[in-house]
Amino acid sequence: MFAFSLISVLFAGMVLAAVAVLIVVLMKNRQDFLRRRAAEAASFGWVLTPPNPWLIEVTARLFQRGRPGEMFAGDFRGRGLCVLEYTYTTSSGSKGQTQNHTVHVVALNLPVALPPLTLTRDSGLKRMFGGRDLELESEAFNDAFRVGCEDDRYASAVLHPRMMEWMLFNRGLEWQFAGNALVSWGHGSFVVRDVLARLEAMAGVIDRIPPYVVRDYGKPTY
């Protein structure tokens, strides 16, 4: 019995030691990743800045309350940008098990502040429980995306045929107008090359906003 207890203690100690080593390795890998990411971001002129309270609030509405991580600010082809990493926690099950989720959001400046409009990927579950969805003249677009907007005329003006064609070419892109920014999001820690690809697609959205939408619906920013 004594020998069995001693073996159990030794085994538990080995497990704890292995866990401690794993934690140290994971922390080192994370720090190495952050250093490499900061150096790559700096090569594009993006600088590490304190998280923007406005962007934190936008992210919390998209997901839920959580904790901001690193944020970089800079520009993309003359438009100001921010990239924010963000973590939130969900609980499930009778035992209240928790799970951390890491996401990132990218904000690219608009020429004016536009009314809210959100475009997300559609799914069978969203069709059942997602509430009202605006139907446009493209069946392929309607099958791929959901439109969240209080003004159907405004949404239709933004989502004209060329815009819908661009979105069908960039089916992975979800976005919303949030004041004077176009905001898009993805899951996991952000990687600079992926952010650049997202910015290309976002810039295409901004370039396709009709001038009369900017004129009739936009509000100047100060």
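Rule-based calculations on the coordinates, nothing more; no lab input. Since we're looking at a predicted model, the values are computed, not measured. So basically every Cβ, Gly included, is an ideal-geometry build from the backbone, and we count neighbours across all protein chains shown.
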* Counting only C-alpha contacts under 8 Å and six or more residues apart, can you give the relative contact order of the range 46-217 as a whole percent? => 22 percent
* Structure fact -> Note: Glu135 to Val191 extended length (0.36 nm per residue) minus current alpha-carbon separation gives 16.7 nm
* Estimated distance in nm for a label pair at Arg30 and Asp143, the labels positioned 7 Å out from Cα along Cα-to-Cβ -> 4.2 nm
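Let me know the charge dipole size of the range 129-184 about its Cα centre in debye, to the nearest 20, where only the beta-carbon of Lys, Arg (+1) and Asp, Glu (-1) is charged. Present the calculation step by step, with values, prior to reporting the outcome.
Working: 5 positive and 10 negative charges, 40 e Å.
Computed about the Cα centre, the dipole is about 200 debye.
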* Global geometry of the range 27-119, whether rounded, prolate or oblate, following the gyration tensor of its Cα atoms and the 1.5 cut on a/c -> oblate
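May I ask you to derive the FRET efficiency for Thr49 and Thr87 from their Cβ-Cβ distance with R0 = 22 Å, giving the value to the nearest 0.05? Write out the running numbers ahead of the final one.
Working: r = 18 Å, r/R0 = 0.82.
Computed FRET efficiency for Thr49 and Thr87 comes out at 0.75.
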* Structure fact -> Applied in sequence order to the range 202-212, the curve 6.51 cos²θ - 1.76 cosθ + 1.60 (Karplus, θ = phi - 60°) yields integer Hz couplings, x standing for Gly and Pro, of 5, 4, x, 5, 4, 5, 9, 6, x, x, 5
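At 0.36 nm per residue, and after removing the present C-alpha to C-alpha distance, how many nm does the segment from Arg61 to Thr118 gain when stretched out fully?
Numbers: separation 57, 0.36 × 57 = 20.52 nm, distance 1.21 nm.
Once the chain is fully extended between Arg61 and Thr118, it gains 19.3 nm.
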* Net charge over other residues, Cβ less than 10 angstrom from the Cβ of Thr89 (K, R count +1; D, E count -1) -> +2
* Asked: At Ser156 and Glu40, where each label point lies 7 Å from the Cα along Cα→Cβ, what is the point-to-point distance in nanometres?
  -> 4.3 nm
